[in-house]
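Data block below; observations after.
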Amino acid sequence: MTAEIRWFWSGQPPPDFDAWFRAAGPSWGSASDSKTRTDGYVRDNGQTVLGIKQRGGSNGIEIKGLISTRATVLELAGCTATVGLWGKWPSTLALDERNLIRIEKQRWMRKFCVEAGAAGELPAGDSGLRTCGCDAELTLLAGPDGSRWWTLGFEAFGIFDRVEADLAATVAVLARRSPPRLNGGRESGYPGWLAAQPW
């Protein structure tokens with residue numbers, strides 16, 4: 001189970017926001033080096049809360065579904081989003097390649113641990129196993145038609161009773177770093193964003 005918020009925009013991130021997310025600050029390090037992969041999503045234009053993904057470079061698939069929308073609304077850089085609780089299930093189901101939408105991704109991440117309600121950022125190179133925490137990601141996307149998009153998302157994981165609070169604590173840390181304001185973001189998970197595309 002995860003607690004998440006996410007927004008999508010067409011085009012490229014504004015340069016000032018891109019630099020703010022990726023660069024080091026007065027008391028924090030830079031985001032992780034970018035990682036690139038191509039994921040395949042099952043095409044289902046009528047589905048906005050369930051996604052089936054073949055992650056690039058790995059075997060099997062991931063099934064992800066929205067379980068609940070919470071009352072909590074979080075804000076960052078002038079954008080608001082309602083917290084969603086999502087479930088994930090791995091599977092070895094075989095997918096028909098003809099029914100997949102291929103999305104290229106280039107992603108930068110910031111990883112956080114939350115203890116006693118306070119979120120602390122881990123160094124960019126820290127690859128230690130976490131049983132709970134929250135990730136913030138800035139991802140550039142390319143659709144199958146070459147169209148360009150980008151997304152900003154937060155995903156808290158671990159103990160069910162804590163994920164919503166851990167998400168809020170992490171967003172609060174980044175909000176205190178004075179992010180440049182953003183406009184026009186579409187609040188959505190990947191299934192909803194994909195369902196709105198003509199591919």
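Quick note: the coordinates plus some simple rules give every number you see, no bench work behind them. Keep in mind it's a predicted model, so treat the numbers as computed, not measured. Please note: Cβ atoms are built from the backbone with ideal geometry, for glycine as well, and neighbour counts cover all protein chains shown.
Of Ile52, Ile159, how do they rank once you tally other Cβ atoms within 10 Å and put the fewest first?
In order of increasing Cβ crowding within 10 Å: Ile159, Ile52.
What chymotrypsin sites (Phe, Trp or Tyr not before Pro) does region 82-182 have in DSSP loop regions with at most 16 other beta carbons within 10 Å?
Answer by residue number: Phe160.
How are the Cα pair distances of region 1-43 distributed, in percent, across 10 Å bins from 0?
Here the calculated profile for region 1-43 is 17, 38, 36, 8, 1.
Test of the criteria: in region 131-190, which GluC sites (Glu not before Pro) are in a DSSP loop and have at most 16 other Cβ atoms within 10 angstrom of their Cβ?
Here no loop site has a sparse enough neighbourhood.
Once phi is turned into θ = phi - 60°, what whole-Hz ³J(HN,Hα) does the Karplus curve with 6.51, -1.76 and 1.60 give for every residue of region 84-99, x standing for Gly and Pro?
Here the 3J(HN,Hα) series is x, 9, 10, x, 10, 9, x, 8, 9, 4, 8, 10, 7, 4, 5, 10 Hz.
Among the lysines, which fall within straight-line cross-link reach of Lys64, defined as a Cα-Cα distance under 17 Å, with same-chain neighbours fewer than 8 residues apart omitted?
Those lysines meeting the cut-off are Lys53, Lys88.
Note down the Stokes-Einstein diffusion coefficient of the chain in µm²/s, whole number, using a Kirkwood radius over alpha carbon pairs, 4 °C, and 1.567 mPa s.
Working: Rh = 17.4 Å.
Once the numbers are plugged in, D ends up at 75 µm²/s.
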